[in-house]
1. So if I average 1/r over every pair of distinct C-alpha atoms in the chain and take the inverse, what Kirkwood radius in Å does that give?
2. A 26 angstrom limit on the alpha carbon distance is what I want to check against. Which of Lys32/Lys114; Lys199/Lys298; Lys32/Lys162 exceed it?
3. Can you give me the convex hull volume of the Cα atoms of the stretch 165-308, divided per residue and expressed in Å³?
4. With a probe of 1.4 Å, find how much accessible area the stretch 97-151 has per residue, and write the answer as a whole number in Å².
5. Which is the longest part of the chain that has none of the GluC sites (Glu not before Pro) sitting in a DSSP loop with at most 15 other Cβ atoms within 10 Å?
6. For the chain, what proportion of DSSP beta bridges, expressed in % and rounded to the nearest 5, is antiparallel?
7. Per residue of the stretch 277-287, what does 6.51 cos²θ - 1.76 cosθ + 1.60 with θ = phi - 60° give for ³J(HN,Hα)? Whole Hz please, x for Gly and Pro, Karplus curve as stated.
8. About its Cα centre, how strong a charge dipole does the chain have in debye, to the nearest 20, once Lys and Arg get +1 and Asp and Glu get -1 at the Cβ?
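The values are calculated or read from the model by the stated rules, or taken from the named source; none is laboratory data. Since we're looking at a predicted model, the values are computed, not measured. Here the Cβ is made from the backbone with ideal geometry for all residues, glycine too, and neighbour counts use every protein chain on show. Please note that ligands, DNA and RNA were not included when accessible areas were found on the heavy atoms of the full protein model with its side chains. Shrake-Rupley method; radii C 1.70, N 1.55, O 1.52, S 1.80 Å.
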Amino acid sequence: MLIDGHGRTVNYLRISVTERCNFRCQYCMPEKPFSWVPKENLLTFEELFLFVKVAIDEGVTKIRLTGGEPLLREDLDTFIKMIHDYKPDIDLALTTNGYLLPEAAQRLKDAGLKRLNISLDSLKKDVAAKIAGKDVLDQVLKGIDKALEVGLKVKINMVPLKGINDSEILDILDYCKERNIKVRFIEYMENRHADAALKGMHGKEILAKIKERHTIRALGREGASPSFNYVMEDGTEFGLIDPHKHDFCESCNRIRLTAEGFLIPCLYFDEAMSIAASVRSGDIEGAAQVLTQVLKDKPKENRWNEAESGKEHETSNRAFYETGG
Ligand code: SAM
Ligand code: SF4
């Protein structure tokens, strides 16, 4: 079992398989970065898999592949199959912007993927284009339909932004309800790579919008899930991912691995340790030692909540497209 320096059990590994993306979301990567990580610095799937085996053997039971846009990485289904074959009962999920799903969904399902989180910030063509930097809506909606058709379990992620898509919270709820899928509203996390003019909606403001039309009841956090769940009067459930809330980090069970091999203990902070040299030389013991150190160093909490306690608002240096959201 993996326990961090604050006594929390860590059983969830998120792997960013690429920092590259086919969208330019305002809250994540509004401009193409000055430079990408050179291809030779990226770990191969065989190298990533070596670490995955260490993590699973030590107690990881849930793996999420993310990015950048993970479906841009060639042969992703091969990597999914490697993980699935090693531990068929692992909770294996993927977060995607959905654009490439119409052609990829069946292959992902056949490789052993169980669950998909798909980002959907707007149901209006022009608003979706404004957020993503190109016309994406039709293709993303097709991707969601295809994922459901092939039998993948789907959840939707929406980041509500003031003056941009905040009027669509109820529409996205209705869209998900009609398809019997769950939506999770994510508070915008300030970071220095995002468009500086953006204003996110606080969890309380998101809930207030929903209460304009619905009666809701808090269900609480689902285990160590980052999502705090609610149920509406008709039984429809939705989640709120609220990293600004003081108790968000108390049950954090997550660590993150980048495509370059940096193991990151907390989404907010820059601190990371590399497993690249270990996995490239097949040094399993060395990779396990880095994992132990990263867990020891895992911060108690992020600093997005400091605005609420009256301190100056904190902005993270981390790029979500590198770390994987
Ligand atoms: N490209 C995929 C996608 O967009 O779903 C996966 C990577 S993306 C970084 C993972 C999740 O992080 C997405 O749901 C996205 O909306 C969310 N995200 C990115 N930047 C964010 C920010 N600044 N605040 C809150 N959520 C963010
Ligand atoms: Fe790409 Fe996802 Fe970031 Fe949007 S949120 S720019 S789709 S990585």
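1. 20.1 Å
2. Lys32/Lys114; Lys199/Lys298
3. Here the figure is 149 Å³ per residue.
4. 42 Å²
5. Maximal segment without exposed cleavage sites: 75-211.
6. Antiparallel: roughly 35 percent of the beta bridges in the chain.
7. Listing the rounded values in order: 4, 4, 6, 5, 9, x, 8, 5, 4, x, 5 Hz.
8. Using Cβ point charges on Lys, Arg, Asp and Glu, the chain gives about 400 debye.
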